[in-house]
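What follows is a set of notes on a single structure, which appears directly below.
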Amino acid sequence: MIKFENVSKSYPDGTHAVKSLNLEIKEGEFFVIIGPSGCGKTTSLKMINRLVELTTGTIYIDGKRISEYNIHELRWNIGYVLQQIALFPHMTIEENIATVPELRKWKREKIQKRAVNLLEMVGLEPEKYRGRKPKELSGGQQQRIGVIRALAADPQIILMDEPFSALDPISREKLQDDILDLQKRIKKTIVFVTHDIQEAVKLGDRICVMQAGEIVQVGTPGDILQNP
Ligand code: ADP
Ligand code: ADP
């Protein structure tokens, strides 16, 4: 589904953020990238949706080089959730959820139905939330909206960059449970960046451990815990 072939990234200042990465992420897999700050996790993630361009190597999605996709199609097909809550403050929750489906020219009724379904899936009552603005919601609720906004246009892939690390421990656990639940139902390919081993073990089908721009280990949570 997603394949990295000898992928490296050097930033213009000479930082070798990622060094010759080889990696295959399977369809429907919950794939976690873990490692200390600065090891190249975010860079690896952002290369998948071309927010960062590769220096060398190739990334394939469904066997096609990402450079051959139309950039809009590529990004529509890849949901992206960040650590910082990134909802549009002047828009209602429903308008926030509708942004990408509208770009894809989905019909209004289809978008509304989708928004209601997604809100229900993460335990938010549609009637109560649709018309509200982000600032009327708690951090955990906003981040939940961030997650379902990334899912709204039914992308194949979801990239998540430490999406829960700004939350209090209780909201974080709740959202981890929600995302596992969602993953079981919607079967998307998720690439999830964290520096928290407990989170990685809880969520990941497989975990990739990075250090200084390189992969040091890839395996199931069991493999990783047995050979730390
Ligand atoms: P992580 O997500 O694991 O914290 P990053 O991918 O953000 O790691 O960063 C990897 C390395 O690349 C770090 O040394 C970081 O400072 C550097 N880096 C990240 N983005 C840039 C950039 N835009 N310009 C220069 N260096 C960068
Ligand atoms: P993360 O939480 O992923 O580690 P950072 O706080 O390291 O993110 O970086 C935040 C933003 O700053 C990112 O967009 C990253 O690309 C950029 N960045 C990180 N390190 C550098 C750097 N040394 N020079 C320029 N930009 C950087």
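The values are calculated or read from the model by the stated rules, or taken from the named source; none is laboratory data. Note that the coordinates shown come from a computational prediction; the quantities given were computed from them, not determined experimentally. Quick reminder, even Gly has a Cβ in these numbers, built from the backbone with ideal geometry, and neighbours come from all protein chains shown. To get the accessible areas, we keep the full protein, side chains included, count just its heavy atoms, and leave off ligands, DNA and RNA. Shrake-Rupley method; radii C 1.70, N 1.55, O 1.52, S 1.80 Å.
Tabulated values for the structure
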item: When residues of the range 5-34 are limited to those that are of a type outside the set (Lys, Arg), away from ligand 1 (no atom under 16 Å from the Cβ) and not in a strand (DSSP E or B), the one nearest to Arg185 (Cα to Cα); result: Gly28
item: Scope the range 36-73; condition near ligand 2 (Cβ under 10 Å from one of its atoms), in a loop (DSSP other than H, G, I, E, B) and open to solvent by less than 20 Å² (accessible area, probe 1.4 Å); matching residues; result: Cys39, Gly40, Val52
item: Identity of the residue in the range 127-140, open to solvent by less than 50 Å² (accessible area, probe 1.4 Å) and modelled with pLDDT under 90, that ends up nearest to ligand 2 (Cβ to nearest atom); result: Gly139
item: Any helices (runs of 4 or more DSSP H) falling wholly within the range 127-228 and containing at least 1 residues that are out of contact with any Ser or Thr (no Cβ under 6 Å at 6 or more places or on another chain), over 30 Å from Arg104 (Cα atoms) and among the charged types (D, E, K, R); result: 169-186, 197-203, 221-226
item: Residues located in the range 74-101, provided they are modelled with pLDDT under 90 and either part of a loop (DSSP other than H, G, I, E, B) or open to solvent by less than 30 Å² (accessible area, probe 1.4 Å) (or both); result: Leu82, Gln83, Gln84, Ile85, Ala86
item: Criterion violated by His90 - all others in (1) within 19 Å of Lys3 (Cβ to Cβ); (2) touching a residue at least 12 places away in the same chain (Cβ under 8 Å) satisfied; result: (1)
item: Residue list for the range 145-180, restricted to those being under 15 Å from Glu95 (Cα atoms) and either more than 16 Å from ligand 2 (Cβ to nearest atom) or touching a Cys at 6+ places or on another chain (Cβ under 7 Å) (or both); result: Ile145, Val147, Ile148, Arg149, Ala150, Leu151, Ala152, Ala153
item: Output for the range 35-59, where each listed residue is of a type outside the set (Asp, Glu) and more than 9 Å from ligand 1 (Cβ to nearest atom); result: Met47, Ile48, Asn49, Arg50, Leu51, Leu54, Thr55, Thr56, Gly57, Thr58, Ile59
item: Looking only at the range 210-228, and only at residues there that are crowded, with 16+ Cβ neighbours inside 10 Å and within 16 Å of ligand 2 (Cβ to nearest atom), the one that is farthest from Pro36 (Cα to Cα); result: Gly213
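One line per residue, one yes/no per condition, for (1) in contact with a His (Cβ under 9 Å, 6 or more places away or on another chain); (2) over 27 Å from Met47 (Cα atoms):
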| site | (1), (2) |
| --- | --- |
| Ile59 | no, no |
| Asn70 | no, no |
| Leu103 | yes, no |
| Ala115 | no, yes |
| Leu119 | no, yes |
| Gly123 | no, yes |
| Glu127 | no, yes |
| Gly140 | no, yes |
| Asp154 | no, no |
